[in-house]
Amino acid sequence: MGEIFLYNHGGSGNHGCEALIRTICMLLEDKPTLFSEAPDQDVQYDLQNIVQICPAIQSYSRVSPDFLKAYLQLKIQGNYFPMDILPYKQSLKMIKKGDVELSVGGDIYCYEDYPKFIKLHEVICNRGCKTVLIGCSLDEKLFEDPVFVEDMRRYDYISARESLTYRLLEKAGLDNIGYAPDTAFALPIEQLPLPEGFQEGNTIGLNVSPLVERKERRKGLVFFNYEMLIQWILENTDCSVALIPHVVWKDNDDRTILGKLYERFRETGRVAMIPDCNCMQLKGYISRCRMFVGARTHATIAAYSTCVPTLVLGYSIKSRGIATDLFGTEEHYVVPVEKLQEREDLTKAFSWMWRNEAVVRKRLETVMPEYVERTKDVRNKIAYFCDR
């Protein structure tokens with residue numbers, strides 16, 4: 001196997017992305033090269049200690065054949081994806097035949113701009129290297145697009161992180177596939193001092209994102225659901241509440257909503273706002289919660305993996321698939337954001353979790369050791385497929 005490159009990494013301001021890089025490097029037991037779209041973020045959270053950081057996006061000539069071809073496609077066909085991948089071409093020249101490219105963006109194909117990643121993968125394949133899609137989640141509608149299915153066939157190996165995606169790949173007739181839990185389940189914990197108002201073992205951790213807010217049926221519905229949930233916790237339990245951001249990207253910053261919730265309840269003295277820190281430290285806070293309610297997938301993974309009973313406000317196959325693999329069902333464990341209708345819907349779902357707290361925790365304690373151990377399967381599969 002040649003040199004290993006990691007790509008489709010948007011930057012560590014998304015601490016789920018950071019967690020994937022850290023845990024993949026742990027599994028590889030190597031220091032690969034990371035093509036990053038935000039190198040400054042990765043340095044801020046000290047990823048330079050485990051990867052060689054290379055800017056994924058670099059300048060390009062506006063008189064090159066590649067630019068002229070992409071520009072014509074934009075103007076004549078309205079296809080902007082060839083223009084989108086031009087900034088990546090310079091960095092990808094580092095790749096040579098025999099190298100291995102690992103796509104670490106687990107759900108990049110689940111968004112409207114997924115054709116960009118098909119084009120990018122095509123460019124990478126043309127370099128003559130092996131390619132692996134690691135820890136992916138793929139929505140069912142994608143498989144209606146033959147261009148997408150053909151792109152999946154180009155990968156040397158695909159690792160689905162939950163069984164619902166694995167079955168979709170299998171149904172599509174792909175044989176270059178496997179299933180292993182998201183490597184972030186194996187992320188180590190780093191504990192920082194707890195802030196005032198955070199009761200260790202008796203605090204409900206909450207996470208919410210602008211992304212789920214954009215998918216709500218009525219404006220303000222997500223915020224009102226969290227507001228009512230906090231009110232219920234304060235009135236019906238002796239628990240504290242910790243508001244925990246997991247993504248701090250500009251225009252997609254969890255603190256925008258969590259900050260409003262904090263201002264609404266700060267005078268109670270029972271609500272703490274956790275500051276931004278690295279993914280291991282965030283997992284340290286989450287691990288000391290009694291229960292957790294989250295929208296960001298990797299925030300909920302941090303909770304699951306430390307056996308904290310967790311309710312997910314979900315919006316895609318990844319939350320449903322992970323819950324199904326852990327509990328045998330998504331019912332009671334995932335609230336689809338598009339199904340929120342009333343302000344008390346999240347509170348009703350949480351009240352079931354509250355009543356069944358001991359059962360849920362016992363289930364996690366039973367399944368989690370083997371589940372985390374299975375994350376190591378990825379390393380062996382990568383070696384097998386890429387050495388052929």
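The values are calculated or read from the model by the stated rules, or taken from the named source; none is laboratory data. Being a predicted model, the structure only gives us computed values, none of them experimental. Cβ: placed from backbone, ideal geometry, glycine included. Neighbour counts: every protein chain shown. Surface accessibility is based on the protein's heavy atoms, side chains included, excluding ligands, DNA and RNA. Shrake-Rupley method; radii C 1.70, N 1.55, O 1.52, S 1.80 Å.
Just wondering, is there one or more residues in the stretch 183-190 that are surrounded by 23 or more Cβ atoms within 10 Å (Cβ to Cβ), at pLDDT 95 or above, among the hydrophobic types (A, V, I, L, M, F, W, C) and more than 20 Å from residue 316 (Cα to Cα)?
Taking the stretch 183-190 and keeping what is surrounded by 23 or more Cβ atoms within 10 Å (Cβ to Cβ), we get 183-185, 187.
Remaining after also requiring at pLDDT 95 or above: 183-185, 187.
Of the ones still in play, those that are also among the hydrophobic types (A, V, I, L, M, F, W, C) are 184-185, 187.
Filter once more, so that each one left must be more than 20 Å from residue 316 (Cα to Cα): 187.
Yes: one or more hits.
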ask   = Only one of these conditions is not met by residue 57: (1) open to solvent by 60 Å² or more (accessible area, probe 1.4 Å); (2) at pLDDT 80 or above; (3) not in a loop (DSSP other than H, G, I, E, B). Which number is it?
value = (3)
query = What residue, among those in the stretch 192-210 that are in contact with a strand residue (DSSP E or B) (Cβ under 6 Å, 6 or more places away or on another chain) and in a loop (DSSP other than H, G, I, E, B), is most open to solvent (accessible area, probe 1.4 Å)?
reply = 199
request  = Six or more apart or on different chains, Cβ under 9 Å: which pairs go from a residue in the stretch 264-279 that's surrounded by fewer than 17 Cβ atoms within 10 Å (Cβ to Cβ) and among the charged types (D, E, K, R) to one that's at pLDDT 95 or above and not in a helix (DSSP H, G or I)? Could you list them?
outcome  = 264/271; 266/273
key: Subset tally (residues that are of a type outside the set (D, E, K, R) and touching a Ser or Thr at 6+ places or on another chain (Cβ under 8 Å)) for the stretch 330-345   = 2
ask   = Which condition breaks for residue 334 when tested against (1) touching a residue at least 40 places away in the same chain (Cβ under 8 Å); (2) out of contact with any Leu (no Cβ under 6 Å at 6 or more places or on another chain); (3) buried (at least 19 other Cβ atoms within 10 Å of the Cβ)?
value = (1)
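Could we say that residue 159 is open to solvent by less than 40 Å² (accessible area, probe 1.4 Å) and under 16 Å from residue 176 (Cα atoms) here?
On the way: open to solvent by less than 40 Å² (accessible area, probe 1.4 Å): yes; under 16 Å from residue 176 (Cα atoms): yes.
The answer is yes for residue 159.
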inquiry  = I'd like the full set of residues that are touching a helix residue (DSSP H, G or I) at 6+ places or on another chain (Cβ under 6 Å), assigned to a loop (DSSP other than H, G, I, E, B) and more than 28 Å from residue 192 (Cα to Cα), limited to the stretch 211-246.
reply    = 215, 216
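Would it be correct to say that residue 142 is among the aliphatic types (A, V, I, L, M), within 22 Å of the chain's Cα centre (by Cα) and in a helix (DSSP H, G or I)?
Working: among the aliphatic types (A, V, I, L, M): yes; within 22 Å of the chain's Cα centre (by Cα): yes; in a helix (DSSP H, G or I): yes.
Here the answer is yes, as residue 142 does meet what is asked.
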key: Members of the stretch 97-133 that are open to solvent by less than 40 Å² (accessible area, probe 1.4 Å) and assigned to a strand (DSSP E or B)   = 100, 101, 102, 103, 131, 132, 133
key: Matching option when the condition is crowded, with 20+ Cβ neighbours inside 10 Å and modelled with pLDDT under 95, among 304, 315, 285   = 315
request  = Determine if the stretch 25-39 includes at least one residue that is part of a helix (DSSP H, G or I), at pLDDT 95 or above, open to solvent by 30 Å² or more (accessible area, probe 1.4 Å) and out of contact with any Leu (no Cβ under 7 Å at 6 or more places or on another chain).
outcome  = yes
ask   = Within the group 174, 168, which residue is of a type outside the set (S, T, N, Q), part of a helix (DSSP H, G or I), in contact with a helix residue (DSSP H, G or I) (Cβ under 8 Å, 6 or more places away or on another chain) and more than 30 Å from residue 232 (Cβ to Cβ)?
value = 168
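Of everything in the stretch 154-175, what is free of Cβ contacts under 8 Å to residues at least 12 places away in the same chain and among the small types (Gly, Ala, Ser)? Give them in sequence order. Step through it out loud before you land on a result.
Step one: list which residues in the stretch 154-175 are free of Cβ contacts under 8 Å to residues at least 12 places away in the same chain, which gives 167, 170, 173, 175.
The answer is 173, and nothing else.
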